Amino acid sequence: MATQLEPAFEQDLLDRGYSRRQLAKAAALIGAATATIRVTGAAAQQAAKAVAGAVRIGANECWTGPFPVAAEAAFKLVTEGNRYEPDNEHQKLFEAVSSVEGIPADRVTAWPGSSDPLNRVTVAFASPTRGIVTADPTYEAIWRTAAWVGAPVKRVPLTKDYAHDVKAMLAADPNAAVYYICSPNNPTGTVTPIADIEWLANNKPKDAVLVVDEAYIHWVDGPNAAKLAATRDDVLILRTFSKLFGMAGMRLGLTFASPVLMEKMMRYDGGQVTAMLPMTAVACGTVSVAQADLIKARRAEMIAAREKAVSHLKAKGIKVIPGSQANMFMVDWGKPAKEMQAAILAANVQIGRNWPIWPNVSRVSVGSISEMEAFNTAVDKVWKA
């Protein structure tokens, strides 16, 4: 059921150009993400339904579950499941993240995944009169949300190095309300340099919000954009535990932003969603973020598996989009990607799909070494140059 907006907040939406009809759609996105997915198709997930018995390397999930030490912490909370919050679990998570990222704990907010905050960015900041600028291809959830509420979107091709073209993004709409960067980018896995992200932060309209989606940042051994959210009131960072931390089914995400920005994000529903987190996920995340050695080891395992598959493809003369630093890569088959996806699935391996801008290119998630060996075998079976 859609959230009932308070009169003052309805007026805010009307003042920013939403129609009365659009108010109901905007309300549906606030505090009701799962209902909105069912009703509108504004789904966060980009993956097809899993095929039973197939190797599953199409959804950018981790091939394994949470770190054992983190799973132990989650199980402890199972045994204390009679309490809404046994021992200040939210604050423990915020402080753990603050310690690792070097940002104030009051700028960290936890969510049941990262879909809700990404959805509400559109309602909170964009409008039919001031839209959103993204790359193309990129993670599409914000496109679907914008289409649902009627906010315009400008899509800008990636650079020749497959990074976000930040100057072209600003030129595409110098008066946008939201500029969205996904780095590492989904689906290419490529990273946009921090210097470019900072340039856009410094040159966009002062009242616009820069959203940096770092869902895959833990796969990268390099800098991140967290410091921007630590010092500015116009930058929002998105994080998730669904990728490297192996917690996709536990549904835990984070935003880094100033309290002022968060107040605007939550003004329609008073933070109802963030108050309903499963304590098992919160405890698991609190322990996970501090496991530097385990993070490094899992990253190295992923890179080895990714390179095994990429090297195999290149040896067969199949083009791979270069530069991925995440647990996915894009394969240019030189023929319709849907046909190759179906052929590989017939060999019992489920890979990802293509994006409209690249109809011949499939996204392949990185699984375990054995799963990537199965992928290589499937390609050998079906590939005809």
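The values are calculated or read from the model by the stated rules, or taken from the named source; none is laboratory data. Here the structure is a predicted model, which means the values were calculated and not measured. Neighbour counts run over all protein chains shown; Cβ positions are idealised from the backbone, glycine included. Side chains are part of the model used for accessible areas, which takes the heavy atoms of the whole protein and leaves out ligands, DNA and RNA. Shrake-Rupley method; radii C 1.70, N 1.55, O 1.52, S 1.80 Å.
A few remarks follow.
- Among the residues of this structure, Ala48 does not count as one that is of a type in the set (A, V, I, L, M, F, W, C), assigned to a helix (DSSP H, G or I) and in contact (Cβ under 8 Å) with a residue 40 or more places away in the chain.
Conditions tested, residue by residue: (1) open to solvent by 70 Å² or more (accessible area, probe 1.4 Å); (2) assigned to a strand (DSSP E or B); (3) over 11 Å from Arg363 (Cα atoms).
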{"site": "Met302", "(1), (2), (3)": "no, no, yes"}
{"site": "Val310", "(1), (2), (3)": "no, no, yes"}
{"site": "Leu313", "(1), (2), (3)": "no, no, yes"}
{"site": "Gly323", "(1), (2), (3)": "no, no, yes"}
{"site": "Val331", "(1), (2), (3)": "no, yes, no"}
{"site": "Lys335", "(1), (2), (3)": "no, no, yes"}
{"site": "Gln341", "(1), (2), (3)": "no, no, no"}
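- Residue selected from the stretch 227-241 under the condition surrounded by fewer than 23 Cβ atoms within 10 Å (Cβ to Cβ) and touching a helix residue (DSSP H, G or I) at 6+ places or on another chain (Cβ under 9 Å), by the criterion nearest to Phe94 (Cα to Cα): Ala230
- The lone exception for Ile357 - which of (1) in contact with a helix residue (DSSP H, G or I) (Cβ under 9 Å, 6 or more places away or on another chain); (2) under 27 Å from Leu158 (Cβ atoms); (3) among the hydrophobic types (A, V, I, L, M, F, W, C) it fails: (1)
- All of (1) farther than 30 Å from Ala378 by Cβ; (2) open to solvent by less than 30 Å² (accessible area, probe 1.4 Å); (3) modelled with pLDDT of 90 or more hold for Gly58 with one exception: (1).
- Number of residues in the stretch 178-202 that are of a type outside the set (Ser, Thr, Tyr), part of a loop (DSSP other than H, G, I, E, B) and under 17 Å from Ala141 (Cα atoms) equals 5.
Yes or no, residue by residue, for (1) open to solvent by less than 60 Å² (accessible area, probe 1.4 Å); (2) more than 19 Å from Gly249 (Cβ to Cβ); (3) modelled with pLDDT under 95:
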{"position": "Ala70", "(1), (2), (3)": "yes, no, no"}
{"position": "Ala73", "(1), (2), (3)": "yes, no, no"}
{"position": "Thr79", "(1), (2), (3)": "no, yes, no"}
{"position": "Leu93", "(1), (2), (3)": "yes, no, no"}
{"position": "Ser98", "(1), (2), (3)": "yes, yes, no"}
{"position": "Ile103", "(1), (2), (3)": "yes, yes, no"}
{"position": "Thr109", "(1), (2), (3)": "yes, yes, no"}
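- Residues of the stretch 267-275 include at least one that is in contact with a helix residue (DSSP H, G or I) (Cβ under 7 Å, 6 or more places away or on another chain), open to solvent by less than 40 Å² (accessible area, probe 1.4 Å) and over 23 Å from Glu89 (Cα atoms).
- Tallying residues that are of a type outside the set (Lys, Arg), buried (at least 16 other Cβ atoms within 10 Å of the Cβ) and under 19 Å from Gly189 (Cβ atoms) within the stretch 350-385 yields 19.
- Some residue of the stretch 168-178 being at pLDDT 95 or above, open to solvent by 40 Å² or more (accessible area, probe 1.4 Å), under 30 Å from Met247 (Cβ atoms) and not aromatic (Phe, Trp, Tyr): no
- Asp269 touching a Leu at 6+ places or on another chain (Cβ under 8 Å), farther than 30 Å from Thr79 by Cα and assigned to a loop (DSSP other than H, G, I, E, B): no
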